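S.K.: After the structure tokens below, expect a handful of questions from me.
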Amino acid sequence: MNGNLFSGSTDCPRFSRIARSYLLRAAELNWQEINPDIFGSMIQAVADDEERGELGMHYTSVPNILKVLNPLFLDDLREQLEAAGDNVRKLRNLRKRLSTIRVFDPACGSGNFLVIAYIRMREIEHELVKRLDDKPKSWISLSNFYGIEIKDFAAEIARLALLIAEFQCDVRLISQQVARSMVLPLKKTGQIVTGNALRLDWLEVCPPALKPIVEEQDLAGPTGRLALEDNGLGIRDEEETYICGNPPYLGNGLQSADQKQDLDCIFSNLTDSWRSLDYVSGWFKKATEYGKSISSASAFVSTNSICQGQQVPILWPLIFQSGRKISFAYTSFKWANLASYNAGVTVVIVGLAHPDRTLCRLYNHVQGDKTIVREVPEINAYLVPSHSTFVFKEMLPISALPRMDKGSGPVDGGFLMLNPEEVKHLNLSKNLEERLLRPVFGSAEYIRGISRLCLWIERGQLSEISGLQGVKRRIERVADFRAQSPKAATRAAALRAFEFMEKRQQGKEVVLIIPSVSSEGRSYLPVGLLPSGSILTNLAFGLYDAPLWNIALIASRIHLVWIATVCGKMKTDFRYSNTLGWNTFPVPPLTERNKTDLTRCAEDILLAREAHFPKTIADLYDPENMPDDLRRAHERNDETLERIYIGRRFRNDTERLEKLFDLYTKMTEGKSRKKGAA
């Protein structure tokens, strides 16, 4: 119907019997009832797994699309409609405004954001037309809907989806007769460009709109008034451009060489740390640059990693320096859609606008589908209602806390590590086992109760092992493993293959262990106390010979919330960091009484765990099966610690973060920071 069906070829495709039956069955369907929303699901379903992963294709459902579009501009239109009431002048002004709004999705896929925006705008227009008792013809043009899509097929589907949406709106909101008379021949649809959104100039895709310049002409009439005439030239200043979408996410380790080059073109002149950024960061930066030339606001769905951990002080100073602020945001929520393949990620929605907007809206997901909305003066890059503070790595704690170190790195090919069965094959006497072997713990060993030992040999013990063939063979294999490394430091460490390459403890300390990774399902971080002589690997962090009250800090809800926010996550698990999490953790000055109270809380937690021996940490902190006495011990600990902060319990995690960021800002005030550093 639009001339493209047979363009480029005159050959009729040959149908097999099965293909012919599918075609006939499709022709029998009632296509008047088709929902354009199905195209996104269809595109994602027909793409193969590899292509879908490479392109970061994540189809967005209508409820999630509206989480972007409503606070971006639709809510404001509805509020203006409500305020207009039956006032003819206000209603006509709103109708004019609707006709000039432009919606631009620079990762449009099959056009779902554009389609839903168009449908909702038509519904608002329909309501005001009823109040005006005016002709039902729509002033909203499909030419005001722009998109960029890298796949030709998806771009064609986006154009078709907009045409179907227009036809259906005409049928529903005007009349079927009018809709049928207007639909053929197909006219110009949405302005969808095929290409790489991070390489294209968005100002060429969605340029400043032309407007008529009005010239005064003397009519020489009896009134002596001047007529205003349109000459068809100039730039229109009434346009509102709203940029929205669900761009590809792709963490730094999943990006192809071409995608790395895309980010290089955008960020390399701005920060040396751009390689740590998720691919979606490119869309945020392009949107802010676009906003320097054209009045616009933007909002994107993104993985929550861009608002956590090391990416925050890399990306967000660049965004804020470009003259944007976070105007609204949805904090982390689980992804869900209607497609055959769900993305399976935790996402945020972040809206950006010019700082002249007064209040910002923060949407927090709570139990079920319930959302709490707050109007706040400012939202920072961690999606907390606080100043634009950035948390940087610290080599030492900013609070009066002991130093925390990563565990020792074996770099041994696994030959210094033994399970109980392997220990038997060494044929060591009981005395030698006690002298040469130590219990060793990383995250998995501690959390899941896995029993492992390691060879821990001091230089002065080398003469003792000269006749121990099993031990010597393992040390020789460590030496061979290190000698083959491409790193000079590792090859040099082959000369001391009897010990861990990175040795960060003496082996006699009492150790407080903090696993480097912990499941997000746990309500508390699994800190623990290990007996003297235990060895930590580099898959855990440790406080050595530290006071017991530190367990109370690490096992608290307030510390978990801080870690989840500033350290980020590995997939969906909490990722701990000593420099970014512990060293930056703001703790008020503790009195001796405070430390005594916290020590008692730590002891209660440890005793409650011990009462359920031999259950592992994984068993005890299963959110569905956590023992009541252990939960009560943690509750008492939280109350004791939080009273030190504000004299009472915090109401929720948002209030905890507000207090922590306020303290962090005060405690780091005056420190100079390198631009773009992480």
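S.K.: Which one, [x] 31.4, 121; [y] 27.7, 86; [z] 27.3, 101, gives Rg and Dmax of the Cα atoms in Å as derived from the coordinates shown?
M.R.: [x]
S.K.: How do Lys615, Lys472 stack up against each other in accessible area, from largest to smallest, with a 1.4 angstrom probe? Numbers along the way, then the final one.
M.R.: On the way: Lys615 105, Lys472 70 Å².
The most accessible residue leads, giving Lys615, Lys472.
S.K.: Could you give the angle, 0 to 90 degrees to the nearest 10, between helix 88-100's Cα long axis and the longest principal axis of the Cα atoms of the chain?
M.R.: So the inclination is approximately 70 degrees.
S.K.: How large is ³J(HN,Hα) for each residue in segment 262-272, as worked out from phi by the Karplus curve 6.51 cos²θ - 1.76 cosθ + 1.60 (θ = phi - 60°), to whole Hz, x for Gly and Pro?
M.R.: Each residue of segment 262-272 in turn: 4, 5, 4, 4, 8, 10, 4, 8, 10, 8, 7 Hz.
S.K.: With θ set to phi - 60°, apply the Karplus curve 6.51 cos²θ - 1.76 cosθ + 1.60 along segment 461-477 and write out the HN-Hα couplings as whole Hz, x wherever there is a Gly or Pro.
M.R.: 9, 4, 5, 5, 9, 4, x, 9, 5, x, 5, 4, 4, 5, 5, 4, 5
S.K.: So how do Phe574, Phe613 rank on accessible area, 1.4 Å probe, biggest first, that is with the largest at the start? Numbers along the way, then the final one.
M.R.: On the way: Phe574 15, Phe613 155 Å².
Accessible-area ranking of Phe574, Phe613, largest first: Phe613, Phe574.
S.K.: What is the angle, in °, between the Cα long axis of helix 75-84 and the longest principal axis of the Cα atoms in the chain? Nearest 10 is fine, range 0 to 90.
M.R.: Computed tilt is about 40 degrees.
S.K.: Order the following by accessible area, largest value first: Leu132, Leu462, Leu630. Probe radius 1.4 Å; ligands, DNA and RNA are ignored.
M.R.: On the way: Leu132 25, Leu462 60, Leu630 0 Å².
Ranked from most to least accessible, the order is Leu462, Leu132, Leu630.
S.K.: Could you work out how far apart the two model spin labels at Ser523 and Arg89 are, taking each label as a point 7 Å from the Cα in the direction of the beta carbon, and quote it in nm?
M.R.: In this crude spin-label approximation the distance works out to 5.9 nm.
S.K.: I would also like to ask the following. Taking all protein chains as present, what is the carbon and sulfur share of the accessible area of the chain, in % to the nearest whole number, probe 1.4 Å?
M.R.: Its accessible area is 52 percent carbon and sulfur atoms.
S.K.: Can you pull out the trypsin sites (Lys or Arg not before Pro) in segment 369-439 whose DSSP state is coil and whose Cβ has at most 16 other Cβ atoms within 10 Å?
M.R.: Working: sites: Lys370, Arg374, Lys393, Arg403, Lys406, Lys424, Lys430, Arg435; in loops: Lys370, Lys393, Arg403.
Taking segment 369-439 and a limit of 16 other Cβ atoms within 10 Å, the loop trypsin sites (Lys or Arg not before Pro) found are Lys370, Lys393, Arg403.
S.K.: Structure shown: which of Lys430/Lys472; Lys472/Lys503; Lys151/Lys285; Lys325/Lys406; Lys96/Lys151 lie over 27 Å apart, alpha-carbon to alpha-carbon?
M.R.: On the way: Lys430/Lys472 18 Å; Lys472/Lys503 20 Å; Lys151/Lys285 22 Å; Lys325/Lys406 36 Å; Lys96/Lys151 34 Å.
Over 27 Å Cα-Cα: Lys325/Lys406; Lys96/Lys151.
The values are calculated or read from the model by the stated rules, or taken from the named source; none is laboratory data. Treat the numbers as computed from the prediction; the structure is a model and nothing was measured. Note that we place each Cβ from the backbone using ideal geometry, even for glycine, and neighbour counts take in every protein chain shown. These accessible areas exclude ligands, DNA and RNA; they are computed on the full protein's heavy atoms, side chains included. Shrake-Rupley method; radii C 1.70, N 1.55, O 1.52, S 1.80 Å.
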